[in-house]
Amino acid sequence: MTSLHDPLTLPCGQVLPNRLMKSALSEVLGSKRHAPTAELERLYATWSNGGYGLIVTGNVMVDRTQIGEPGNVVIEDERDLDGLSRWAKTTQDSGTPIWMQINHPGRQANLASLRTQPVAPSAVALKVPGASKPRELTGTEIEDIIERFATTAAVAETAGFNGVQVHGAHGYLVAQFLSPLANLRDDEWGGDPERRMRFVLEVVRRIRSRVSPGFAVGIKLNSADFQRGGFTEEESRDVVAALSQEGLDLIEVSGGSYEAPAMMGSAARSTREREAYFLEYARAVRDVAGGVPLAVTGGNRTRTAMDAALASGDTDMIGLGRPTCTTPDSANVILGAEDSRIEAHSVGYRRTGLLAKAIDLKAVNGAVELAWHEDQLHRLGRGKKPDLGRGKLRTTAALIKRSGRGALSKKRS
C-alpha cells in the first residue's frame, strides 16, 4: 500500500522524496521590476525545511505587460538569471525539488498594474464587479504567448529549477481557452471542445520541445468551472486524456475561477468531512491519465484522510496550500504522527447586517482571507513568525494598499 513517506518516480525520471507537495501560492514578493527578491528566497528557504517531497512556486508571469498581481515575478528572458538561480537553490540544498508555476492571467490581469488592456481568447469580461472587458487575441498573438510559455520554462531550467507547472486552472488564460463561456472563437483556437483544448496542448508541446528530457513538466487543471454552461467534468476528462499523451509528469487537480471559486471549497464536492475537495474527480480521470501521476490539492488536513486518499489509488500526491502559510513545516507535522492534523485559518466579515446589504461580502471575504494568508507569507519572507492574531481590518487595509480597491472583488489563489 502506498505511503506518504514513499518516493514517487515521475515519467521524466525525476524522483520526488515523498508524496506531500507544497502547492502553488501567490507570494507577490517580486520587486517593482518583477525580479525575485531576498524575501522570496527567505520564504522558500523556510519551506525547504518543511519536509515536502515537492515545492511548487506561485505565479510567475510570462509577459510583463499582462500580470495577475503587483509583485508577480516575470520571466521573458535571462535578465534576472542570478536571482532566479538563488531562488531555485533555496530548496535544493535540503534535497527538495522545486518547480516553477508559469502563467498568463488573460482577462484576470490586475487592472491597477496594467498599462494596456487585458487580453483573452474572446472579448468577454469577468462577471465580477469592476471587471474590464478584454481585447480578443489575434492568431499571431496566441502563437507569441505559446512561445513565451516555452521561453519561461527554458529560463527556469537554466536557472536550476527542476520543473515547471503550467497554470491551467482558476480562470487564468489557459482555462479561458478551455471554457465555452470565455472562448467564443470559431477558428482553430475555439468553436468546439477539440479546438478549445488546442491552446493548452500547444503550450505543453512547445515547452517539452525546449527543455531537457529530465526536466519535469506538469499542469494544474480545472476539474470544472462550476458555472452553468462552462467547462465541464466530461470536457476536463477529455483534456486529461489528450494531455496524457504529451509527456507530462504530473497533473494537479483543482477547479473554479474568480467567478465561482471552488478552489476555496465553496462549490466543489467533497469527501471525508470537507477534506480533499477534488478527490472524486481524480478518481473519475484516473483511467484516462495513463501513466501520468495525479495530485489533489484542496482541503487536505488530516493524516488519516491523506493516507486513505493514497491507499485508494485515486491520487499519487497530496497537495498542501493555505496551511503552509501558518505551518511552514506542514509535511513534517503530517509525517510525524499517524493522528496528525494541520490547521487552516479563516478571517472575514460577518455576512449579516447593513454592511452585507451594501456590498458583496462573499467576494470581499474571499479576497480578505487570501490576503491574510499572503500577509503571513510576507512575514515569513521577512524572517518573522506567522501572526495568527492579525485581524480583518488590518488585512483589508494592506490588501487595498497592495492591489487597489478592485482586489476586493476577486478571489486570488
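Judged by the ratio a/c of the largest to the smallest principal axis of the C-alpha gyration tensor, the chain counts as rounded, that ratio being less than 1.5.
Specify whether the C-alpha gyration tensor of segment 17-176 places it in the rounded, prolate or oblate class, a ≥ b ≥ c being the square roots of the eigenvalues: rounded for a/c under 1.5, otherwise prolate if a/b is larger than b/c and oblate if not. Prolate is the answer for segment 17-176, as a/c is 1.5 or above and a/b outweighs b/c. Screening the chain for DSSP H helices whose Cα atoms reach 24 Å or more along their own axis and whose mean Kyte hydropathy is at least -0.5 gives 139-159, 361-381. Across segment 289-294, computed HN-Hα scalar couplings (Karplus, 6.51 cos²θ - 1.76 cosθ + 1.60, θ = phi - 60°) run 6, x, x, 7, x, 10 Hz from first to last residue, x flagging Gly and Pro.
For segment 1-63, the set of trypsin sites (Lys or Arg not before Pro) satisfying both a DSSP loop assignment and a count of at most 12 other C-beta atoms within 10 Å is given as Lys32, Arg33.
Shown in residue order for segment 101-108 are the 3J(HN,Hα) couplings computed by the Karplus curve 6.51 cos²θ - 1.76 cosθ + 1.60 at θ = phi - 60°: 7, 10, 7, 10, x, x, 6, 8 Hz (x for Gly and Pro). Applying the criteria of a DSSP loop state and at most 11 other Cβ atoms within 10 Å to the trypsin sites (Lys or Arg not before Pro) of segment 110-156 yields Arg115. The sum of -39500 (n - 2.57) across all DSSP H runs of n ≥ 4, divided by the residue count of the chain, sets its helix-only mean residue ellipticity at 222 nm to -10500 deg cm²/dmol.
This ranking places Leu201, Leu361, Leu137 by how few other beta-carbon atoms lie within 10 Å of each, fewest first, which gives Leu201, Leu361, Leu137. Ranking Val368, Gly191, Pro328 by how far each Cα lies toward the positive end of the dipole of the chain (charges on Cβ) leaves Val368 at the top. In terms of other Cβ atoms within 10 Å, Cys325, Cys12 run from fewest to most in the order Cys12, Cys325. Less than 5 angstrom separates the built amide H of Phe231 from those of Leu181, Asp225, all sequence-distant by 5 or more or on a different chain.
Dipole of the chain computed with +1 at Lys/Arg Cβ and -1 at Asp/Glu Cβ about the Cα centre; of Ala242, Val204, Ala175, farthest Cα towards the positive end is Ala175. By the count of other C-beta atoms within 10 Å, a proxy for reagent exposure, Leu248, Leu399 are ordered fewest to most as Leu399, Leu248. Seen from every direction in turn and averaged, the convex hull around the alpha carbons of segment 51-131 projects onto 7.0 nm².
Readers should treat all values here as calculations from the given coordinates under stated rules, not as data from a laboratory. Just so it is clear, the structure is predicted and the values come from calculations on it, not from any experiment. All Cβ positions, even for glycine, are placed from backbone atoms using ideal geometry, and neighbour counts span all protein chains on display.
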